[in-house]
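One structure below.
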Amino acid sequence: MKLEAIELRRIALPLVTPFRTSFGTQTERDILLVRVIGPGAEGWGECVALMSPTYSAEYVDGAQHVMQSFLLPRLFEAGEVGAHEVAEVLRPYQGHRMAKAAIEMAVLDAELRTAGRSWGTEMGALADRVASGVSVGIFDSVPELLDHVQGYVDEGYVRIKLKIEPGWDIEPVAAVRERFGDIPLQVDANTAYRLGDAKHLAKLDPFDLLLIEQPLPEEHVRAHAELRKVVRTPICLDESIVSAQSCVDAILMGAVDIVNVKWGRVGGYLEARRIADICRAHDIPVWCGGMIETGLGRAGNAALAAHPAFQLPGDISASARFYAQDIVTEPIVLEDGYVRVPTGPGLGVTLDHAFLDEVTIKSTTLRP
Ligand code: OSB
Ligand code: MG
């Protein structure tokens, strides 16, 4: 499409409940939305970077800065750009994958809306609904955790993921396993351990977890291969997989049993789909991670997770898991533990412009 203008809009959305992880507590989100406008076409993207560089190096102010100073000027210079060309056009700039992913998402949304094609078609989706898991934060006490997990189980989530860190691991996992029987259960450490903790992490083995997600730091890929020799629970990588290339390398290094696919972390939905295809060819199961997305990213995630490589329930919870009100008029809802894959053109959801204006902090429009 020919890009006539790009709006960068910052919105503030409070979370319904604080979300505590080993890298900090989120109580609200400051989200950067990207709106691309061309002749008779419009598309929206969402940048999943958090407010501080604690999950990964990216953060929302940095994402907006790199877009305004480097990525968008280059995109405008390219003139006519298709969604499948965005990554190539932006390649001279290193990293900043969440920023690039948001731009590509907006262009792809505009393109698919114009063509009347759905996100699922583009992602290779085969299913019309996907299993919905929920990511549960760290709490001050086990009884508090059990109350929250009970609430999610009552809502129908088919898989529970517990955030863990040193000092909050074996005991909460044992308590949830004991109270909820054989419910599908997994944990996410967000890099909080070191290889020296291998024997401690092996104490999770008796609880029949689906997987341990990213126990060691992002660059410690080979150490995960070592960890796999000590721990029986399957090892899943999140932060370490930043591209299709790093995914192939991790697989060939024997560092990973299961891959968490996040479109923002890997630079876009198109790269995420490539990773799904690669993992399928290597018989590595994948599942769709989440970055506390709004209904825009949630709709895209539901479509991505309908690709046949996705064999485990994703962190694709209902909008209400995090937000009292979503910015789309069709919030993602849970139906018998599943989330429906949108079928309309593009992301298949419509923005609630009145609400969007209410939560907007600032908006900047750039032109060629
Ligand atoms: O590691 O999966 C993660 C949220 C923000 C940043 C990183 C992660 C998460 C989650 C929540 O676990 C996933 C979600 O439901 O959106
Ligand atoms: Mg994770």
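Observations, loosely collected:
- The stretch 185-234, subset more than 16 Å from ligand 2 (Cβ to nearest atom), under 18 Å from Pro166 (Cα atoms) and not in a helix (DSSP H, G or I), residue nearest to the chain's Cα centre (by Cα): Arg194
- Flag for Leu237 being touching a helix residue (DSSP H, G or I) at 6+ places or on another chain (Cβ under 9 Å), at pLDDT 95 or above, within 12 Å of ligand 2 (Cβ to nearest atom) and under 22 Å from Pro53 (Cβ atoms): yes
- Being in contact with a strand residue (DSSP E or B) (Cβ under 8 Å, 6 or more places away or on another chain), surrounded by fewer than 22 Cβ atoms within 10 Å (Cβ to Cβ), at pLDDT 95 or above and of a type outside the set (Phe, Trp, Tyr) holds for only one residue in Glu42, Glu46, and it is Glu42.
- Residue check for Pro172: assigned to a loop (DSSP other than H, G, I, E, B), within 16 Å of ligand 1 (Cβ to nearest atom), in contact with a helix residue (DSSP H, G or I) (Cβ under 7 Å, 6 or more places away or on another chain) and not aromatic (Phe, Trp, Tyr): no
- Tabulated pairs, the stretch 108-136, first without any contact (Cβ under 8 Å) to a residue 60 or more places away in the chain, second among the aromatic types (Phe, Trp, Tyr) and within 16 Å of ligand 1 (Cβ to nearest atom), C-beta under 8 angstrom, 6+ apart or interchain: Val136/Tyr152
Every residue, every condition in (1) among the hydrophobic types (A, V, I, L, M, F, W, C); (2) open to solvent by 10 Å² or more (accessible area, probe 1.4 Å); (3) within 13 Å of ligand 1 (Cβ to nearest atom), yes or no:
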site: Pro308; (1), (2), (3): no, yes, no
site: Asp315; (1), (2), (3): no, yes, yes
site: Ser319; (1), (2), (3): no, no, yes
site: Gly337; (1), (2), (3): no, no, no
site: Pro342; (1), (2), (3): no, yes, no
site: His353; (1), (2), (3): no, yes, no
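- Any pair with Cβ under 8 angstrom, 6 or more apart, that starts in the stretch 188-211 at a residue that is farther than 14 Å from Arg228 by Cβ and ends at one that is away from ligand 1 (no atom under 16 Å from the Cβ) and of a type in the set (D, E, K, R): Phe207/Arg177; Asp208/Arg177; Asp208/Asp182
- For the stretch 146-167, a residue qualifies if it is in a loop (DSSP other than H, G, I, E, B), more than 16 Å from ligand 2 (Cβ to nearest atom) and among the β-branched types (Val, Ile, Thr), and exactly one does: Val158.
- Residues considered: Val16, Val34. Of these, the only one that is open to solvent by less than 30 Å² (accessible area, probe 1.4 Å) and assigned by TED's automatic domain parsing to the domain that holds Glu77 is Val34.
- Note on the stretch 48-61: residues that are within 16 Å of ligand 1 (Cβ to nearest atom), out of contact with any Lys or Arg (no Cβ under 8 Å at 6 or more places or on another chain) and not aliphatic (A, V, I, L, M) total 5.
- Filtering the stretch 211-234 to residues that are open to solvent by 30 Å² or more (accessible area, probe 1.4 Å) and within 14 Å of ligand 1 (Cβ to nearest atom) leaves only Glu218.
- Condition check for Leu75: in a helix (DSSP H, G or I) and either on the phi < 0 side of the Ramachandran plot or crowded, with 16+ Cβ neighbours inside 10 Å (or both): yes
- Residue match in the stretch 58-81 (condition: closer than 19 Å to Arg273 by Cβ, away from ligand 2 (no atom under 16 Å from the Cβ) and among the charged types (D, E, K, R)): no
- When the criteria are applied in full, Val187 fails the requirement of being farther than 20 Å from Ser240 by Cβ, open to solvent by less than 20 Å² (accessible area, probe 1.4 Å) and either more than 16 Å from ligand 1 (Cβ to nearest atom) or in the same structural domain as Pro313 (by TED's automatic domain parsing) (or both).
- Whichever residue in the stretch 235-252 is away from ligand 1 (no atom under 16 Å from the Cβ) and open to solvent by 10 Å² or more (accessible area, probe 1.4 Å) and, among such residues, is farthest from the chain's Cα centre (by Cα): Leu252
- Among the numbered conditions (1) open to solvent by 60 Å² or more (accessible area, probe 1.4 Å); (2) assigned to a loop (DSSP other than H, G, I, E, B), the only one that Pro143 does not meet is (2).
The values are calculated or read from the model by the stated rules, or taken from the named source; none is laboratory data. Everything quoted here is computed from the prediction, not taken from an experiment. In this analysis, Cβ positions are derived from the backbone assuming ideal geometry, glycine residues included, and neighbour counts consider all displayed protein chains. The area values use the complete protein model at the heavy-atom level, side chains included, leaving out ligands, DNA and RNA. Shrake-Rupley method; radii C 1.70, N 1.55, O 1.52, S 1.80 Å.
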